[in-house]
1. Among the residues of segment 627-657, which ones are open to solvent by less than 10 Å² (accessible area, probe 1.4 Å) and farther than 16 Å from GLU202 by Cβ?
2. Select, from GLU604, GLU565, the only residue that is surrounded by 13 or more Cβ atoms within 10 Å (Cβ to Cβ), on the phi < 0 side of the Ramachandran plot and not in a loop (DSSP other than H, G, I, E, B).
3. Can you find a residue in segment 603-615 that is of a type in the set (Ser, Thr, Tyr) and within 16 Å of the ligand (Cβ to nearest atom)?
4. Given the options ALA388, ALA411, name the one that is out of contact with any Lys or Arg (no Cβ under 7 Å at 6 or more places or on another chain), among the small types (Gly, Ala, Ser) and open to solvent by less than 20 Å² (accessible area, probe 1.4 Å).
5. Within the set of pairs 6+ apart or on separate chains, which have a first residue in segment 497-523 that is of a type in the set (Lys, Arg), a second that is in a loop (DSSP other than H, G, I, E, B) and open to solvent by 10 Å² or more (accessible area, probe 1.4 Å), and C-beta atoms under 9 Å apart?
6. Kindly state which strands (runs of 3 or more DSSP E) lie completely within segment 435-512 and contain at least 1 residues that are of a type in the set (D, E, K, R) and buried (at least 19 other Cβ atoms within 10 Å of the Cβ).
7. Based on this model, can you work out whether TYR230 counts as open to solvent by 30 Å² or more (accessible area, probe 1.4 Å) and in contact with a Lys or Arg (Cβ under 7 Å, 6 or more places away or on another chain)?
8. Taking the stated definitions as given, is ASP678 within 26 Å of the chain's Cα centre (by Cα), more than 16 Å from the ligand (Cβ to nearest atom) and modelled with pLDDT under 95?
Amino acid sequence: MNVRDPFDLHRNSNSAAFNVLRLTATQAAAGIREKAVEVGTNALEKGRQAVEDMSFAVPKNVPSFANPQRLVEDQLWPSSGATARSTGGPRGGQSAGGLLGGVQNRVGGILNPDRNALPMYKDKPYAYAPSKRARPLYRKKRVLGLLTLLCLVFLWYSGTFRDRHERAVSSLSRWGWLKAEEEAEAKGGKVDWSKRRERVVEAFELSWDAYERYAWGQDEFHPIQKTGTYMAPKGLGWIIIDSLDTLMLMNLTSRLSHAREWISQSLTWDQDQDVNTFETTIRMLGGLLSAHYLSNEYPDLAPIADDNPGAPGEDLYLEKATDLANRLLSAFESPSGVPYASVNLAQFKGIPSHADMGASSTAETTTLQLELKYLAKLTGEKLFWDKAEKVMQVVDDNGAKDGLVPIYIYATDGKFRGNNIRLGSRGDSYYEYLIKQYFQTNEKEPVYKEMWHEALDGVRKHLVTYTEPSRFTIIGERPSGLDYELSPKMDHLVCFMPGSIALGATGGLPEKEARKLPTWTKRNDADMQLARELMHTCWGMYKYMATGLAAEITYFNIGNPPLAESAPHSAPADFDPDPYAQWRQDFDVKPMDSHNLQRPETVESLFYMWRITGETKYREWGWEMFKSFMKHTAVDNGGGFTSLSNANIVPPMPRDNMESFWLAETLKYFYLLFSPDDLLPLDKVVINTEAHPFPRFDMGQLFSTGWKRKPRDKDGNIVAEG
Ligand code: DMJ
């Protein structure tokens, strides 16, 4: 099969082999689907009263905390001792992937013996760190010897493997449609955004169908080896649940039915498995809640009869969400109320991090609030609200200088650990959820706006500077605290900031409208300028790279001392493609940081910036980015798309993993960027950190802000009360 354009393969399916494959898969899926409709619709119970002050979609089938059955159920979930991250399941031993898989598994096992929880991005790793227990020397030697041997085998194999991988992606740079598109663009024809949006849908379909074909029900997907991996004995639906709302928005009904059927028939949270509290909340709880929201708010998108009002399955997503949240709440059973890093789902047990002296990541403990508060609103269960809100109080009671929080916090006493300040990993979404909590409850909780403004002022004062020689605006880090050196390093993760700043300034309204309001201030002007400048820098991170896809981490060249935020600056508007162009001196990507994990933050911000400013350049940048993903990350033979180990060479070095946020976030934001503005109006929704949209709502009688900030002096230091 000579595949040049996976879209053509997908659409025309003119290869006999592919047709057979697709037919078999379709027949199998159809059989399963019919069964699911039958079983799924009978499986759901009815019977819960509406909560008085709900402003939308009243759930019917939500279990109550008062139900004594909970106690019995708690005792009925014994530890099964099941092996986590089992590879196989329906595909048996296939998923480890032959010789290479075996070698990788063994090497992985030695290097990281506790690799049994959720694999996440750099710096938000597994729930357990490797054991630090001392070993006798002879054992160390044996291990070293074995390691050397394995490395040699691996190096030998990886040469062949790499060739194979390069072949897997390289031929895709010659796609027909992309070429035709580029030729048309060169002629300066009128841009058809709906056509571009269709390309995004096709990319999603390719990714989803590859996952469905090769790794259905598994939690990770390796598109080159065409295998999957389980992160829990029965799977967590990691990719399926994270994708639900994208399937809805893209109106992909049959695929959504299949996903829903899996949730109805196969998903159970009753698994003896440690999971990361934050990742499971933002992806699984967030995914289920937004599926619930969108299926009610947009019943005509990917319509499924099972979830219509009155149908037995109408609350499936909400039931699964509530069951999960009840288990996640155990993380909050700490002396301070700050959640532990992990939870054992079946045991209802919070587990401190096995690394970082048991401390949790600050961002992880403060990025659970939108999800739990929305669930509280839907179910009327105040406990969800109270647990989530309490964390904000404990964090704030630390009195962080200028609103900038260190990236670790102890669940035991609620105190920060260390002084490392950054808006990248472990710090990022603390800031994001400040402003989003303010909008979630229709701007009725001013404490969160105050905290956001304080933090943003702190960012300006301590972290913003300008690069040399071209004066790009960056947000650096203070790894040793605010009184020590600024490190000119930006994780790609920081690129959520332009979007969040613009959202904070206009409340999600178009800038033109927001400027006419009496509430518009000089501060809003300055915020919009900062948002624009940071967006430009984040785009530069893409332009700098050989593939046009940003690295995980970018360093910048700054002066000593670094320029203050008030310094005059004006970066070049365009990125000259000349390899010796001056602007390139400002950027630096180290080989170890050159991977691209299909991350969404830049396109997320482009989406906000486009909606808010209406400036077409943001859409155009997004389109350029999308084309780079298509050119450099597509996998031959219907594999979908992969993350990259090195995005700074062409052809790139693939990583053989499709992140769930590729479907949940990156492609969703591309889709929304090219969509009309009335799809998810930004002043009506809040979008969680995993791109799952929830409605804004009024707190009503049941809810209110249950805490106040400690009084501060003019420098922002907490003053002793009494
Ligand atoms: C996502 O899981 C979320 O956006 C999270 O807040 C940060 N990073 C990943 C994607 O990069």
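1. Scanning segment 627-657 gives THR642, SER643, LEU644, ALA647, PRO652, PRO654.
2. When all the criteria are applied, what remains is GLU604.
3. Scanning segment 603-615, I find at least one residue that is of a type in the set (Ser, Thr, Tyr) and within 16 Å of the ligand (Cβ to nearest atom), so the answer is yes.
4. When all the criteria are applied, what remains is ALA411.
5. From residues that are of a type in the set (Lys, Arg), the pairs are LYS512/GLY614.
6. The qualifying strands (runs of 3 or more DSSP E) are 489-491.
7. In short, no.
8. No.
The values are calculated or read from the model by the stated rules, or taken from the named source; none is laboratory data. Small disclaimer: the values here were computed from a predicted structure and weren't measured. Quick reminder, even Gly has a Cβ in these numbers, built from the backbone with ideal geometry, and neighbours come from all protein chains shown. These area figures cover heavy atoms from the full protein model, side chains too; ligands, DNA and RNA do not enter into them. Shrake-Rupley method; radii C 1.70, N 1.55, O 1.52, S 1.80 Å.
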